[in-house]
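Since every read-out is calculated from the coordinates, none of them should be taken as a lab result. All values reported here derive from a predicted model rather than from experimental measurement. Backbone-built Cβ (ideal geometry, glycine too); neighbour counts: all protein chains shown.
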Amino acid sequence: MKAKKTKGFKKNLSFYRINFSFQPPYQLVFDGNFIKQMLDHNVDLDKQLFKYTKAKIWKHTTLCVLRELTSLQHLFPRVFKYAQGLSKINCKHIDGVSPAECLIDIVQPKPEFGGINNFFWICTQDDELRSNLLQIDHVPVCYLFQNNLFEMAEPSKTCKMNIKSLKEIKYLPNEKEKLIILPIQKEIKKLQAEKRMEKERKLAKELAIKIKKPAKGPNPLSIKKKIQKLNKTINKRRHKIKNKKTRRLNKQSVNNEIIEQNS
Ligand SMILES: [Zn+2]
């Protein structure tokens, strides 16, 4: 049977690696329902992830998740036992909060620690929690797709837009660079304008020459033919007139002879 492929794990992981500096060994944090799904479908997560990342993973849960699983251990003993064996993140929720609240809180950037100070992948089968986590730009959100395939959710549109804006700002010149760049830009614009004007002047000059140049006359050979044709017609007409005159003169001379004889 052909192995199923994940939809976009590698692409999404590259996004987080490039834009948020995620590096191996990767830190995965599980909630109860992810652990249950993983155990129910005998998912070998280490094997799957090594195949995709060629890197080691560290598996964690939080004290709040464990607290909830402790209260449910009679229903899900395997899940509780598995969670007990994981490393526990000290979320510092002394009174305990829901697993969803806890997981959202541990990935929040902490200004007192200089902003983003964790590189957790949060693994959950809870749709609502996944969509809430995706609103925090730097958090890879993972789940099991088609029951047993490990998948990383596509970063949100807002996250992608924020990254794009940050990159644009990054490549804008600072005040010092502006002082150097602006005069150069002005000089380039000036040179470009001069070049354009020179081109236009050259074009105008060429056009003026073309207008002054007389238009080409008709083919002299065709004129010659026309003249020959006209001469022929004129000659024909002359010949006709000459013949008419001769005939009239001849008639007159005959009449004169008759008159002379009668007289
Ligand atoms: Zn907690």
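A few notes on this one:
- Tally, over segment 138-154, of residues that are in contact with a Ser or Thr (Cβ under 6 Å, 6 or more places away or on another chain) and buried (at least 21 other Cβ atoms within 10 Å of the Cβ): 0
- Selected residue (criterion: surrounded by the fewest Cβ atoms within 10 Å (Cβ to Cβ)) from residues of segment 54-73 that are among the charged types (D, E, K, R) and not in a helix (DSSP H, G or I): LYS54
- One residue alone among PHE34, PHE22, PHE15 is surrounded by 12 or more Cβ atoms within 10 Å (Cβ to Cβ), closer than 23 Å to ASP137 by Cα, out of contact with any Phe, Trp or Tyr (no Cβ under 9 Å at 6 or more places or on another chain) and aromatic (Phe, Trp, Tyr), and that residue is PHE15.
- Filtered residues of segment 94-106 (kept if closer than 21 Å to GLU128 by Cα and outside any helix (DSSP H, G or I)): GLY96, VAL97, SER98
- When LEU129 is tested against the conditions (1) buried (at least 20 other Cβ atoms within 10 Å of the Cβ); (2) more than 16 Å from the ligand (Cβ to nearest atom); (3) assigned to a helix (DSSP H, G or I), the lone failure is (2).
Every residue, every condition in (1) surrounded by fewer than 18 Cβ atoms within 10 Å (Cβ to Cβ); (2) outside any helix (DSSP H, G or I); (3) not hydrophobic (A, V, I, L, M, F, W, C), yes or no:
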residue: MET38; (1), (2), (3): no, no, no
residue: LYS47; (1), (2), (3): yes, no, yes
residue: TYR52; (1), (2), (3): yes, no, yes
residue: LEU75; (1), (2), (3): yes, yes, no
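- Assessment of segment 85-93 against the conditions (part of a helix (DSSP H, G or I) and either within 9 Å of the ligand (Cβ to nearest atom) or out of contact with any Lys or Arg (no Cβ under 7 Å at 6 or more places or on another chain) (or both)) yields no matching residue.
- Residue check for CYS64: within 13 Å of the ligand (Cβ to nearest atom) and under 15 Å from GLN27 (Cβ atoms): no
- Which listed residue, of LEU49, LEU75, is touching a residue at least 40 places away in the same chain (Cβ under 8 Å) and either of a type in the set (Asp, Glu) or more than 13 Å from the ligand (Cβ to nearest atom) (or both): LEU49
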